[in-house]
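Working notes for the structure below.
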Amino acid sequence: MLRLAQASAYGLADVDPSLPVAERYVVALGHAVQVSGLANYIGMDETPEIAKRKVLDYFFALKANHHVEFQPIVDLRTMQAHEWECLFRPQMPMLPQTISAIVDAALVAKRPVDFDVFVVEATLARIAEITEIAKPGSIGRSAHYSINLLPASLLAPHFEASAFAERVRRVGLSPRQIVVECTEQQAIADIPRLKKHVRALRRLGFGFAIDDAGAGYASFNVIAALEPSIIKIDREIVCRIGNKGSEAKKALVEAFVSFSRRIGAKVVAEGIENRRDLLAVQEREVDFGQGFFLGRSSTTPTQPRRIRSARELPISIATVAGWEGAVTSRAASRQ
């Protein structure tokens, strides 16, 4: 073991003084072993589950590093923010990870509820900070927020409807200001039980959204069974929908809009990144939009960027050589 350690080109890791004393050296040692390659010899990466558990433990240990951002969801009729989606941003200096990778680690490690409890508590704490410092009538106090949860978490006691409503009230909000987004990273095993829980949430005033509709497990059958108040169309469907040759995407969006009207839901188009796509979803009477073109996420809820209407855009006229002179000649001939 000593020979292997001395021969390793890498195996050093910084000790993070911001971590509790009981955790900082364990985290640093675990990272050093991983980057040194010694994990192969001592069984630390024996299974994917073990590796994912270590990523997740490191994520939990860095609680003070992470932050929450808010992206506007825009009413496509008024072009004003309707609500803000809470986006959790992990900061893991020695082992950079996207939030999608952390979610995957939580699922593989069989700890999705622990992950969601961690993220939701941090998110509600951040909303509480914003609400506390917000002036009366400002965005912070009147804002509506959407919070992501995995299906397994929705069925956990921690997120039982009345208990969750009480947590929301403690941060100065009403359940009517919160939309629970059910993400589609895993199949929903117990739809009847989940449907019952969704109804309990909605009775208390929560909104309920199916995320990434049209992709993965978010099928029409699942959506119809859960009766959401909001359907969020997956960004892969919305991307380039304004281009020529995208008739299939347009038809699919039209189907979602028609379907949503029948069940009393609203539709959000995710991933709007240019004016063509915006116009395409507006023409199909999509209710709300989200994406970089409308507004990027920020550390506090902010209004979306101002999008000029078609009437406000400058008109470009192609000129033809000699056109001005021809008009002058014709005018002179008429005199």
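The values are calculated or read from the model by the stated rules, or taken from the named source; none is laboratory data. It should be emphasised that the depicted structure is a prediction, and the values quoted were computed from it without experimental measurement. Positions of Cβ are backbone-derived with ideal geometry, glycine not excepted, and every protein chain shown enters the neighbour counts.
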Could you pull out the residue among 156, 125 that is surrounded by fewer than 16 Cβ atoms within 10 Å (Cβ to Cβ), small (Gly, Ala, Ser) and modelled with pLDDT of 90 or more?
125
Which of the following residues is part of a helix (DSSP H, G or I), buried (at least 19 other Cβ atoms within 10 Å of the Cβ) and free of Cβ contacts under 8 Å to residues at least 40 places away in the same chain: 168, 180, 119?
119
Residue satisfying condition, being on the phi > 0 side of the Ramachandran plot, in the same structural domain as residue 303 (by TED's automatic domain parsing), touching a Leu at 6+ places or on another chain (Cβ under 9 Å) and modelled with pLDDT of 85 or more, within set 92, 79:
79
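Residue by residue, here is whether (1) among the polar types (S, T, N, Q); (2) without any contact (Cβ under 8 Å) to a residue 12 or more places away in the chain holds:
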| position | (1), (2) |
| --- | --- |
| 155 | no, no |
| 164 | no, no |
| 172 | no, no |
| 197 | no, no |
| 221 | yes, yes |
| 243 | yes, no |
| 248 | no, yes |
Hey, which of the helices (runs of 4 or more DSSP H) in region 198-293, taking only ones fully inside, have at least 2 residues that are of a type in the set (Asp, Glu) and over 20 Å from the mean Cα position of the chain (by Cα)?
247-263
Hey, can you tell me all the residues within region 229-258 that are closer than 19 Å to residue 181 by Cα and of a type in the set (Gly, Ala, Ser)?
229
